[in-house]
Amino acid sequence: MPMSPYVRSLRDRVGHDLLLLPGVTAVIRDADRFLLARQRDTERWSLIGGGIEPGETPQEAVVREVSEELGVRPVIRRIVGAYGGRPLQTTLPNGDVVGYVTVAFHCELPNAAFVLEDAELIETGWFTRDQSKGIARHEWIDDVLDDAAR
């Protein structure tokens, strides 16, 4: 995924050092199944989401991210939780160290049809909690899915 102009301006100042960035995550579910997407950069499965841009509310950001990645505007139902710490810290292939703090929202899609944004995503799939544990995934999503399933 391309780096936002805001993050690029921060990287110009701090180089590869740790940046703590705010993000959003969409938890989209159909009965006991959750929508996951396999990311092009890591080839791992995760939830739909991304960074919050300057001046954007978390709610606006999750609507924008889902709209960009799936081509459909979601309906936000509630906050599932907030997540961060070591599980959401990573070193990117270019050496940049980033830590995310993300607010997860339970979202619904107005219809089942969506269009995959293939610059960032390889594919999507519906998984139960048990099925999701058997795939190559970002492990921090386990906590989000557990909280959403309650």
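Which is out of contact with any His (no Cβ under 9 Å at 6 or more places or on another chain), more than 19 Å from residue 36 (Cβ to Cβ) and aliphatic (A, V, I, L, M), of 52, 48?
Details: 48 fails: more than 19 Å from residue 36 (Cβ to Cβ).
After ruling out the rest, the residue left standing is 52.
Hey, can you tell me all the residues within segment 114-138 that are of a type outside the set (Phe, Trp, Tyr) and over 16 Å from the mean Cα position of the chain (by Cα)?
Initially, segment 114-138 is screened for residues of a type outside the set (Phe, Trp, Tyr), giving 115-125, 128-138.
115, 128, 129, 130, 131, 133, 134, 135, listed by residue number.
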Restricting to segment 60-78, count the residues that are loosely packed, with under 15 Cβ neighbours inside 10 Å and closer than 24 Å to residue 20 by Cβ.
2
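Just one of 24, 80, 63 is among the β-branched types (Val, Ile, Thr), closer than 19 Å to residue 140 by Cβ, in contact (Cβ under 8 Å) with a residue 12 or more places away in the chain and touching a Pro at 6+ places or on another chain (Cβ under 7 Å); which is it?
On the way: 80 fails: touching a Pro at 6+ places or on another chain (Cβ under 7 Å); 63 fails: closer than 19 Å to residue 140 by Cβ.
Among 24, 80, 63, only 24 is among the β-branched types (Val, Ile, Thr), closer than 19 Å to residue 140 by Cβ, in contact (Cβ under 8 Å) with a residue 12 or more places away in the chain and touching a Pro at 6+ places or on another chain (Cβ under 7 Å).
For segment 81-150, list the strands (runs of 3 or more DSSP E) that sit wholly inside it and hold at least 3 residues that are touching a helix residue (DSSP H, G or I) at 6+ places or on another chain (Cβ under 7 Å) and not β-branched (Val, Ile, Thr); which are they?
Counting at least 3 such residues, we get 97-108.
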So in segment 1-56, with the set limited to residues that are surrounded by fewer than 14 Cβ atoms within 10 Å (Cβ to Cβ), modelled with pLDDT of 95 or more and of a type in the set (Gly, Ala, Ser), which one is nearest to residue 104 (Cα to Cα)?
55
Are there strands (runs of 3 or more DSSP E) fully within segment 1-79 with at least 3 residues that are within 15 Å of residue 102 (Cβ to Cβ) and not aliphatic (A, V, I, L, M)? List them.
19-30, 48-51
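Of the residues 55, 85, which is without any contact (Cβ under 8 Å) to a residue 40 or more places away in the chain and over 26 Å from residue 150 (Cα atoms)?
Working: 85 fails: over 26 Å from residue 150 (Cα atoms).
It is 55.
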Kindly evaluate residue 89 against the criterion of being over 25 Å from residue 57 (Cα atoms) and either touching a Ser or Thr at 6+ places or on another chain (Cβ under 7 Å) or surrounded by 12 or more Cβ atoms within 10 Å (Cβ to Cβ) (or both).
no
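The values are calculated or read from the model by the stated rules, or taken from the named source; none is laboratory data. Since we're looking at a predicted model, the values are computed, not measured. Here Cβ is always computed from backbone atoms with ideal geometry, including for glycine, and neighbour counts include all displayed protein chains.
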